[in-house]
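J.: Input: one structure, supplied below.
Bear in mind that the values in this text are calculations on the coordinates, not laboratory data. This structure is a prediction, so every number in the text was calculated from the model and none was measured. For neighbour counting, all protein chains shown are included, and Cβ atoms are generated from backbone atoms with ideal geometry for every residue, glycine included.
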Amino acid sequence: MKIVLVLYTDIGVMSGAVIFIRENLKIKSTQVEILVGILNVCSLIGSLASGKTSDYLGRRYTIVLAAATFLIGALLMGLAPSFPFLMAGRIIAGIGVGYSLMIAPVYTAEVSPAMTRGLLTSLPEVFIVFGILLGYIINYALSGLPQHINWRLMLGIAAIPSLVIGGGVMAMPESPRWLVMKGRLDEAKSVLIKVSDSAEEAEFRLVEIKKAASFGSGHGDSSTTRWHGQGVWKELLLRPSPAVRRMLIAAIGINFFMQASGNDAVIYYCPEVFRAAGIHSKKLLFGVNVIMGFAKTFFVLVSALYLDRFGRRPLLLLGSSGMAVSLVVLGLGSKFLEHSNSKPVWAIVICIVAVCGFVSFFSIGLGPITWVYSSEIFPLRLRAQGSGLAISVNRLVSGVLSMTFLSFAEKITFGGVFFVLAGIMVVGTVFFYVFMPETKGKTLEEIEALFE
């Protein structure tokens with residue numbers, strides 16, 4: 001989970017660093033969009049490769065690979081003497097982001113018991129918002145340094161925890177489900193005993209996992225039968241069963257709407273939005289970002305604590321409908337300020353409250369639940385590739401929005417953009433209601449039956 005925190009610290013930092021990068025390197029708005037969005041586009045490489053990689057190397061070593069990749073990217077960004085050098089660092093860091101966003105929730109889902117899986121699998125989003133908040137705080141703390149130094153420190157500092165995490169993850173147990181797929185049943189049983197409440201529960205979970213991995217009852221604990229991922233893409237994309245097709249629709253749909261909501265774009269460009277609203281002090285801009293970060297952090301903790309009590313659907317529907325309302329209010333406030341010469345304080349406050357409402361409702365619903373749902377609905381044999389495919393859609397949509405947000409706003413104004421995003425969230429709310437069954441309290445093996 002800490003690797004996710006490190007990666008999203010960089011994303012939070014980038015929202016402020018880009019102001020100084022623009023001034024220091026004399027780059028244009030289109031270059032800013034490319035610089036910001038390229039990380040998400042290149043994370044597609046990591047997301048698509050992570051399924052095969054994690055099935056081959058294991059979940060644990062894939063986390064190490066993500067940390068190492070991001071370490072290299074952070075060092076390149078922190079030492080960048082020019083825009084092309086900085087772009088190279090963003091590209092490499094993006095690959096690390098793609099790996100981490102797939103492997104963190106999959107690993108957690110495969111280790112966690114059913115009754116606490118919602119809480120534990122939502123932890124990537126908890127660490128994401130902590131990382132973003134930490135990035136905002138770093139921006140605020142370093143904004144007073146000379147601009148040729150501050151943005152390099154902001155982006156390069158993530159190399160230190162990446163190095164620590166790469167070594168520390170080796171103390172974690174391997175996924176018992178991956179061990180079963182590789183025929184290492186004794187090791188899987190040992191891990192399950194460590195992460196279960198009792199030996200009986202561990203034995204029950206092992207039996208369920210063996211069934212899901214297509215081990216017959218005749219196999220003993222020392223079985224060396226192995227699975228190498230044969231035919232996964234054929235079963236997933238070329239000839240999916242009706243159940244697998246419904247899983248794909250649900251997983252890809254929730255990942256699409258997570259980013260089509262504009263969440264990542266708002267995180268990246270929030271200072272630009274508030275600058276257009278009439279806030280020109282950099283310290284004040286970063287201060288508003290910190291407030292937004294605290295709002296995200298508080299509500300994602302609330303969601304994580306209640307996810308296994310109330311279920312996925314109620315929180316998801318509440319969050320998406322709340323986001324739609326917040327975007328409408330933000331659009332109205334932005335439109336008023338666009339046509340006002342005086343930029344009244346009350347209108348700016350309404351926009352700040354609306355943005356905080358937007359990120360808070362995101363943190364209640366789509367933020368944590370996307371990772372939980374994407375990692376738990378696929379059967380074991382398809383989980384790594386299915387999750388990787390869904391998260392690739394997530395990264396693609398995020399990249400497209402991040403690379404077009406400012407240009408889009410120049411064409412139809414920020415207010416117009418927020419009205420479009422509100423319409424998307426209305427459609428998303430209907431999609432969640434129709435296509436996403438409740439999975440609370442069910443084992444990963446029982447969830448498969450929901451889509452039959």
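J.: Using Cα centres only, tell me the gap between region 26-62 and region 429-450 in whole Å.
T.: 28 Å
J.: Taking the simple approach of a point 7 Å from Cα along Cα-to-Cβ for both residue 61 and residue 186, what is their distance in nm?
T.: Taking the simple label geometry, residue 61 and residue 186 are separated by 2.0 nm.
J.: What does the extension gain come out to for residue 294 and residue 201, with contour length at 0.36 nm per residue minus their alpha carbon separation?
T.: Values: separation 93, 0.36 × 93 = 33.48 nm, distance 3.82 nm.
Fully extending the segment from residue 294 to residue 201 adds 29.7 nm.
J.: Using a 7 Å offset from Cα along Cα-Cβ at residue 280, what residues in region 318-350 end up with backbone N under 19 Å from the label point?
T.: Once the point is set 7 Å along Cα→Cβ of residue 280, 337-349 turn out to lie under 19 Å by backbone N, inside region 318-350.
J.: Taking the Cβ of each residue in 424, 95, 63 as the centre, tally the other Cβ atoms inside 10 Å and list the residues starting with the fewest. Each step should come with its number before you reach the end.
T.: Numbers: 424 18, 95 24, 63 27.
Taking fewest neighbouring Cβ atoms as first place, the list is 424, 95, 63.
J.: Take 233, 178 and order them by how many other Cβ atoms sit within 10 Å, fewest up front. Display every interim value, and only then the final one.
T.: Working: 233 13, 178 28.
Sorted ascending by nearby Cβ count, the order is 233, 178.
J.: Could you state the angle between the C-alpha long axis of helix 383-435 and the longest principal axis of the C-alpha atoms of the chain, as a value from 0 to 90 degrees rounded to the nearest 10?
T.: 10 degrees
J.: Okay, moving on. Can you show me the helix-derived [θ] at 222 nm for the chain, built from DSSP H runs with n ≥ 4 at -39,500 (n - 2.57) apiece and divided by the number of residues, rounded to the nearest 500. Before the final figure, lay out the partial values.
T.: Numbers: 19 runs with 359 residues, N = 452.
The per-residue figure over the chain is -27000 deg cm²/dmol.
J.: Additional query: Once you put a point 7 Å from the Cα of residue 400 and another 7 Å from the Cα of residue 353, both along the Cβ direction, what distance in nm separates them?
T.: Those two pseudo-labels are separated by 3.5 nm.
J.: Run the numbers for residue 318 and residue 434: contour at 0.36 nm per residue of separation, minus the present Cα-Cα distance, in nm. Please report the intermediate quantities before stating the final value.
T.: Values: separation 116, 0.36 × 116 = 41.76 nm, distance 1.46 nm.
Net length gain for the segment: 40.3 nm.
J.: Out of these labelled values of Rg/Rh (Cα atoms, Kirkwood Rh), (i) 0.99; (ii) 1.10; (iii) 1.03, which was calculated from the coordinates shown here?
T.: The calculated read-out lines up with (i).
J.: With each label point set 7 Å from Cα along the Cα-Cβ vector, what nm distance links residue 29 and residue 170?
T.: Label-label distance for residue 29 and residue 170, simple model: 5.0 nm.
J.: Between residue 310 and residue 85, what length in nm is gained on full extension when 0.36 nm per residue of separation is reduced by their alpha carbon distance?
T.: On the way: separation 225, 0.36 × 225 = 81.00 nm, distance 4.75 nm.
Net length gain for the segment: 76.3 nm.
J.: Go through 70-76, 412-418, 281-287 and give me the packing order, highest mean Cβ count within 10 Å leading. Don't skip to the answer; put the middle values down first.
T.: On the way: 70-76: 23.4, 412-418: 20.7, 281-287: 15.7.
Highest to lowest by the protection proxy: 70-76, 412-418, 281-287.
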